[in-house]
Amino acid sequence: MAQADTAREVITLPNKPPQRSGESNPSSQALIETWLGGYGWNKDKRFDLERYEIVNRRVVWAGFGRALLQFRVLPVDGDAMALAAKRCPGRKRPIEMQIYFQWGPHNKLWTALANRGDPGFEPCSNDELWTGEQLKLIVNPPPLPAPPKIAQEDVVTPPSGSPERKAILDGLRPTFEKAFGKPVEFKVESLRAAAGFAWVVVHPQRPNGVPIGRAEWDEAVGPCEQNRTTAVAQFWMRQRHDGWRVGWGNGFCASDSIAELGYLIGAPPQLVDLREWPGTDFMPVDDPQYFDLWKP
């Protein structure tokens, strides 16, 4: 089921704390309140001093609920450009925002999970909006691939020097060389493969175990909770006709594991010692990798 509003409705909120919506087909106003309800506001915050011109609204139920709202921020009197010019001198476009929402099956409420654009209440931003093609993949994406059916004993760790291990690491290497320059070698913390997929945890270094230089690390990674001499990164890899490619990674300094995100590329859960994926409804649309999931 999908709905689209084409009329440019304008919403003015009442001056009361906004609440998250639990409606199956939330209105534009309900979605705006859901978005605002996720912030911690001071008690003196006024919510009726701006208006919202709705550019696009979509609510889609396909397995689970997704919603997209795109709007421009207007003053109480005047148009979007009047407000933009007042807040951001010299700005040539309105203050505009896109927000992706997802339905929570446990709390029965909508949650704003990702956004693009400028919310208008911080220093002026020129963040790019999602394109039309990207919005299609956000609101109504193609099905994710089904994992191949394998047994736990099908999972192997390709031994050092084997062609498969070399091919997997060679598929990963360009990601690190782009960030740190050549040459890059890996200290492999974990490498497990089966059915054309691999789970890889590595520490990047120079040949003979020499650490990546501090200046190179800081330029590519920035502030990092991990120590650059021991930091590990996790990757889901998949085999294509021309070799192994990164399917999903968590960067060079992530603190959160992506072990349970293998379902995004259709990897078998046995690679991380699971019988099945615990959840397949989280769609990380705020990560640029999301838009590459369906590329051949």
Scanning region 8-31 for residues that are of a type in the set (Ser, Thr, Tyr) and part of a loop (DSSP other than H, G, I, E, B), which turns out most open to solvent (accessible area, probe 1.4 Å)?
-> SER24
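Let me confirm something: among GLU225, GLU177, which residue is at pLDDT below 95 and either over 21 Å from GLY161 (Cβ atoms) or out of contact with any strand residue (DSSP E or B) (no Cβ under 7 Å at 6 or more places or on another chain) (or both)?
GLU225
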Counting only residues in region 99-131 that are out of contact with any Lys or Arg (no Cβ under 8 Å at 6 or more places or on another chain) and open to solvent by less than 50 Å² (accessible area, probe 1.4 Å), the one nearest to PHE291 (Cα to Cα) is identified as ALA114
Do we have GLU219 as more than 22 Å from LEU144 (Cβ to Cβ) and surrounded by fewer than 17 Cβ atoms within 10 Å (Cβ to Cβ) here?
-> yes
The residue that is most open to solvent (accessible area, probe 1.4 Å), considering only those in region 259-282 that are in a loop (DSSP other than H, G, I, E, B) and of a type in the set (D, E, K, R), is ARG275
Subset of region 241-253 (residues that are open to solvent by 30 Å² or more (accessible area, probe 1.4 Å), of a type outside the set (Val, Ile, Thr) and within 25 Å of TRP217 (Cβ to Cβ)) | ARG245, GLY251, PHE252, CYS253
Within region 68-88, is there a residue that is among the basic types (Lys, Arg), in a strand (DSSP E or B) and either buried (at least 21 other Cβ atoms within 10 Å of the Cβ) or touching a Gly at 6+ places or on another chain (Cβ under 6 Å) (or both)?
-> yes
Exposed (fewer than 13 other Cβ atoms within 10 Å of the Cβ), in contact (Cβ under 8 Å) with a residue 12 or more places away in the chain, among the β-branched types (Val, Ile, Thr) and not in a strand (DSSP E or B) - does that describe any residue in region 230-240?
-> yes
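The values are calculated or read from the model by the stated rules, or taken from the named source; none is laboratory data. As the structure is a computational prediction, the values presented were derived from the model and not from experiment. Glycine also receives a Cβ, built like all others from the backbone with ideal geometry; neighbour counts cover every protein chain displayed. The area values use the complete protein model at the heavy-atom level, side chains included, leaving out ligands, DNA and RNA. Shrake-Rupley method; radii C 1.70, N 1.55, O 1.52, S 1.80 Å.
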